[in-house]
Amino acid sequence: MNYRAVIIMAIAALTLTSTVLAATVPGQGTWETTLQARDLNGDQKVDAFHDTELNVTWLRDANMIGWRDWDGARNWADALVIGHFNDWRLPGLIDTGAPGCDVAYGGTDCGFNVQTKDNETVYSEIAHLWYITLGNIGYCNTDGSCNGSNDPISTGHFESLVPPATDMPRFWIGTEYPDPVHAWYFDTGGGFQGFDARDWGAYALALHPGDIGVAVPIPEPQSYIMLMLGLIFMALWQSIERKSRHNSDSIQPKKRTPIFVFRSITPH
Ligand SMILES: [Ca+2]
Ligand SMILES: [Ca+2]
Ligand SMILES: [Ca+2]
């Protein structure tokens, strides 16, 4: 374990965090065929995705509880009940090589381009989701070059898989670290798998074994909904402006020009 190298790589992964956008990126990764929308509570709205490659069902909302310490996140997943489904947990990994983090730019259990799945062996569920299923590229390549070629981050139809830019996009991994102080995490901003103090914080994305719930259609991307809302708002505003100008031309010689500031329309 080289803690200093882990810190350096984690910082490299974070340099992009402030600019990272999340998006539904068609044609990248396998998610369009391997993630199937599931309704868990009978309201016909998507709560989760069955991952046909890992045979687990991921919660759609990756920010159900916000930022928690590792124990808090694990306890939350353990107690979670949606519909009548109660076997939730945090994603797991297999600690390969020496006990704990074997930091590298590829092929190990820690760093960038980590082990994901080999035949039936799943090495890291969340790394597989991010690298393979969603088709993202690590901030650093296996040769050690770091070029940040990964913007926007593909998040399929998940919500908040890349948290707000002001936060570290870290997600706890539930598997115990070899010492009682640390815990594994995965960084969805740059594809970094590492470890940190378990009493610090990260987000929590829960998953359930097997294929649960009822199949429902894939939801409209949030970005599309936000774009539509933006266009409706703009049309309404312009209509109000026209009426207002029409009613008050004689007493308002100067026309006001509406200024629209569009913030990110993609889901965070
Ligand atoms: Ca539902
Ligand atoms: Ca439970
Ligand atoms: Ca190891």
Rounded to 0.05, the calculated FRET efficiency for the beta carbons of L236 and V216 at R₀ = 30 Å is 0.45
In whole angstrom, how far apart do the alpha carbon centroids of segment 132-162 and segment 38-53 sit?
24 Å
Treat the count of other C-beta atoms within 10 Å as a stand-in for reagent exposure and order V46, V114, V181 from fewest to most.
V181, V46, V114
Under 14 Å from a label point 7 Å along Cα→Cβ of D199: give me every residue in segment 55-94 with its amide N that close.
69-72
Can you list residues from other chains, or at least 5 along the same chain, whose modelled amide H is less than 5 Å from the amide H of K117?
Y123
Using the count of nearby Cβ atoms within 10 Å as a rough guide to exposure, how do L207, L21 rank from fewest to most?
L21, L207
For the residues M64, M9, M234, M168, what sequence is obtained by ranking on other C-beta atoms within 10 Å, fewest first?
M234, M64, M168, M9
What does the net charge come to around T96 if you take all other residues with beta carbon closer than 9 Å to its beta carbon, with K and R at +1 and D and E at -1?
-3
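Can you tell me which of 132-140, 29-37, 190-198 comes out highest on packing, and rank the rest after it, using the mean Cβ neighbours within 10 Å?
Numbers: 132-140: 21.4, 29-37: 18.4, 190-198: 23.4.
Per-residue Cβ counts within 10 Å, averaged per peptide and sorted highest first, yield 190-198, 132-140, 29-37.
Every number in this text was worked out from the coordinates using simple rules, so none of it is lab data. Please read all numbers here as calculations on a predicted model, not as lab measurements. For neighbour counting, all protein chains shown are included, and Cβ atoms are generated from backbone atoms with ideal geometry for every residue, glycine included.
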